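Here is the structure we will look at, set down as structure tokens.
The values are calculated or read from the model by the stated rules, or taken from the named source; none is laboratory data. The structure displayed is predicted, hence computed values, not measured ones. Reconstructed Cβ throughout: ideal geometry from the backbone, glycine too, with neighbour counts over all protein chains shown. The protein model used for the area step is the full one, side chains on, heavy atoms only, and it has no ligands, DNA or RNA in it. Shrake-Rupley method; radii C 1.70, N 1.55, O 1.52, S 1.80 Å.
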Amino acid sequence: MKITLACLICALAGAASAHPGHTLEMELAQHFSGDQKEQTTNATNEVSIKIQGDVRVISANGIPNHQPGQFPNRNNPNRIAPQHYTFSVPLNPKIAANVTTLRMQPFGVAVNGVVFDPFAAEWWDDDRSSMWQYEPMNMRGRLGADESNAHVQPNGSYHYHSVPTGLITKLSGGKSQMTLVGWAADGFPMYGPLGYSDAKKTNSVVKKLKSSYQVKKGVRPSGPGGNYDGTFVADYEFVKSTGDLDECNGRFGITPEFPQGTYYYVLTDDFPFIPRFFKGTPDQSFARKGPPGRGGPGGPGGPGGRPNGGSPENPDQPRPPRRADMDEDPSGQPRKQPHNNNRGSVHEASMHRSANGKS
């Protein structure tokens, strides 16, 4: 029997308050399984969210429970296919002493089992060593993304690069409300772009929250040159208190699922779209498998352009060694990308591997 999520959320509101942080998504997961057959594959959505001791375990096949766009399409030649995801996140996450930079791996997973994977393996002049990585959401249509800001990796993994519009509409029933959309790799909850104007008051006006990142002023010192304009990840810098959110694109506050308050991340319509830093410690189940990769995911030091890879507020904190990323083949060896100055659609280098290293 199919149940609309708008009705389901209303029915479960009491349960979510009684057991903040896990009852709602567990119930949703039960109803997501087989809820909708998506357009470009015969597979149906399957997701299981269980509490095992002090860990939340999410198992899913990565098929969306909402209508995706048409894949393959002109700018994305890949077809959606089932995956084999199993992620673990702490049930009671802790704030770490320092933020952790997101590397070339998913930031988190949605309540429908689709991963949030913001980066693309695309560098200026096809040269990873240039350290100038393209920001996929600003690639002017070359991403081949659908209306839910998602597209497909060569292994068939459908994944979100920004706000998952279709999922939020299904969860909220089209209402303007704060919506839990998933869990970050460090265990903290992820919400859509709408939040309370006063983070501590549930009766305050709901508004679209804004990040505190801005495009830098001036000229790029190397690589592509030219003025900073948002084309590259390193074109952005964090400017404290210019928006509603911190450097991790999150904040502390009350949410419908956490009436006593929690730290939570927010997906925004502007950069970084999906957070690029963790407030807690990401679980290794989200790391792509393989030997250490090269370079960094965020241009010279990631957002903010810190040369040593530190966070925006901790520029002297070295970035930890990186794991294998999208430019490595199944054997773990870096692949040589063809030199191409006439850049076309973004296929994420045709070298994506699934979040668990399975293809």
Residue ID - surrounded by the most Cβ atoms within 10 Å (Cβ to Cβ), chosen from residues in segment 42-66 that are touching a helix residue (DSSP H, G or I) at 6+ places or on another chain (Cβ under 6 Å) and closer than 29 Å to Met139 by Cβ
Asn65
Considering Ser157, Ser176, which residue is crowded, with 24+ Cβ neighbours inside 10 Å, in contact with a strand residue (DSSP E or B) (Cβ under 8 Å, 6 or more places away or on another chain) and of a type in the set (Ser, Thr, Tyr)?
Ser157
Only one of Leu167, Leu91, Leu171 is open to solvent by 30 Å² or more (accessible area, probe 1.4 Å), modelled with pLDDT of 95 or more and hydrophobic (A, V, I, L, M, F, W, C); which?
Leu91
Report yes if some residue within segment 112-130 is under 19 Å from Phe71 (Cβ atoms), open to solvent by 10 Å² or more (accessible area, probe 1.4 Å), charged (D, E, K, R) and out of contact with any Asp or Glu (no Cβ under 9 Å at 6 or more places or on another chain); otherwise report no.
no
If you go through segment 261-284 one residue at a time, how many are assigned to a loop (DSSP other than H, G, I, E, B) and on the phi < 0 side of the Ramachandran plot?
14
How many residues are over 18 Å from the mean Cα position of the chain (by Cα), free of Cβ contacts under 8 Å to residues at least 40 places away in the same chain and either buried (at least 17 other Cβ atoms within 10 Å of the Cβ) or in a loop (DSSP other than H, G, I, E, B) (or both) when one looks only at segment 196-221?
9
